[in-house]
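> Below is one structure. I have some questions about it.
The values are calculated or read from the model by the stated rules, or taken from the named source; none is laboratory data. For clarity, every value in this text was computed on a predicted model and none was experimentally measured. Methodologically, a virtual Cβ is constructed for each residue, glycine included, from the backbone with ideal geometry; neighbour enumeration extends over all protein chains shown. Please note that ligands, DNA and RNA were not included when accessible areas were found on the heavy atoms of the full protein model with its side chains. Shrake-Rupley method; radii C 1.70, N 1.55, O 1.52, S 1.80 Å.
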Amino acid sequence: MKKIEAIIQPFKLDEVKEALFGAGVDGITISEVRGHGRQKGHKEVYRGQEYQVDLLPKIKLELVVPEARAAEIIGVLTKSARSGKIGDGKIFVYEVAEAIRIRNDERGEAAL
Ligand SMILES: Nc1ncnc2c1ncn2[C@@H]1O[C@H](COP(=O)(O)OP(=O)(O)OP(=O)(O)O)[C@@H](O)[C@H]1O
Ligand SMILES: [Mg+2]
């Protein structure tokens, strides 16, 4: 199993969610976060306005997916989250040691 963590532009959330659900993704965790990439201290546009601040609002998506589906889902994410401008975000991929469905103790990919 892989954990895919994607930091995306807030205005892309609906499009990304639709693309992921279209690809058959089941579980997802979404949080509102703030961050910056390598343009720290430089101007970045958010909702049509230019900001000169350290930390901009972003959305973090976390999904744990079967190993065999990871590459495809990463492709769906990059395609739907990309505007082509700076600040589009980043994807980090982790190995997952175990998953457990609390309701019934199912484990591994059966628990996803
Ligand atoms: N190395 C990193 N570690 C953790 N979070 C990061 C890292 N790089 C970017 N992020 C997160 O992703 C968000 C978007 O980053 P961003 O797309 O601006 O990256 P970038 O490297 O500056 O690329 P670009 O040149 O396309 O803007 C940041 O606001 C931050 O929340
Ligand atoms: Mg940046």
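> Determine which single condition Gly108 fails, assuming it passes every other condition in (1) modelled with pLDDT of 95 or more; (2) away from ligand 2 (no atom under 16 Å from the Cβ); (3) small (Gly, Ala, Ser); (4) closer than 18 Å to Gln9 by Cβ.
Result: Gly108 passes all but (4).
> Moving on. Of all residues in segment 73-112, how many are outside any loop (DSSP other than H, G, I, E, B) and within 16 Å of ligand 1 (Cβ to nearest atom)?
Our first condition is that a residue be outside any loop (DSSP other than H, G, I, E, B); within segment 73-112, this holds for 73-81, 89-95, 100, 107-111.
If we keep only those that are within 16 Å of ligand 1 (Cβ to nearest atom) too, we end up with 74, 77-81, 89-94.
Summing the residues that are outside any loop (DSSP other than H, G, I, E, B) and within 16 Å of ligand 1 (Cβ to nearest atom) in segment 73-112 gives 12.
> May I ask you to verify whether Ile8 is within 16 Å of ligand 2 (Cβ to nearest atom) and β-branched (Val, Ile, Thr)? Spell out how you get there, then give the answer.
Working: within 16 Å of ligand 2 (Cβ to nearest atom): yes; β-branched (Val, Ile, Thr): yes.
In short, yes.
> Given the criterion modelled with pLDDT of 95 or more, within 16 Å of Gln9 (Cα to Cα) and either out of contact with any helix residue (DSSP H, G or I) (no Cβ under 8 Å at 6 or more places or on another chain) or surrounded by 12 or more Cβ atoms within 10 Å (Cβ to Cβ) (or both), identify the matching residue among Lys85, Lys90, Lys43. I'd like the intermediate steps shown before the answer.
Numbers: Lys85 fails: modelled with pLDDT of 95 or more; Lys43 fails: modelled with pLDDT of 95 or more.
Answer to the check: Lys90.
> Moving on to the next point. Considering every residue within segment 39-50, establish whether at least one is within 17 Å of the chain's Cα centre (by Cα), within 16 Å of ligand 1 (Cβ to nearest atom) and basic (Lys, Arg). Talk me through it step by step, then tell me what you get.
Step one: list which residues in segment 39-50 are within 17 Å of the chain's Cα centre (by Cα), which gives none.
No, there is no match, as no residue in segment 39-50 is within 17 Å of the chain's Cα centre (by Cα), within 16 Å of ligand 1 (Cβ to nearest atom) and basic (Lys, Arg).
> Does segment 99-106 include one or more residues that are in contact with a helix residue (DSSP H, G or I) (Cβ under 6 Å, 6 or more places away or on another chain) and open to solvent by 80 Å² or more (accessible area, probe 1.4 Å)? If you could, list the steps in order and put the result at the bottom.
Narrowing segment 99-106 to residues in contact with a helix residue (DSSP H, G or I) (Cβ under 6 Å, 6 or more places away or on another chain): 99-101.
Right, trim to open to solvent by 80 Å² or more (accessible area, probe 1.4 Å) and you get 100.
Yes.
> Quick check on segment 1-31: of everything there that is surrounded by fewer than 12 Cβ atoms within 10 Å (Cβ to Cβ) and under 11 Å from the mean Cα position of the chain (by Cα), which residue is farthest from Gly87 (Cα to Cα)?
Among residues in segment 1-31 that are surrounded by fewer than 12 Cβ atoms within 10 Å (Cβ to Cβ) and under 11 Å from the mean Cα position of the chain (by Cα), the one farthest from Gly87 (Cα to Cα) is Thr29.
> From the residues in segment 48-82 that are over 16 Å from Ile30 (Cβ atoms) and among the acidic types (Asp, Glu), which one is most open to solvent (accessible area, probe 1.4 Å)? Reasoning before the result, please.
To start, the set of residues in segment 48-82 that are over 16 Å from Ile30 (Cβ atoms) comprises 48-56, 66-72, 74-75, 78-79, 82.
Filter once more, keeping what is among the acidic types (Asp, Glu): 50, 54, 67, 72.
Details: Glu50: 120, Asp54: 84, Glu67: 85, Glu72: 94 Å².
My answer is Glu50.
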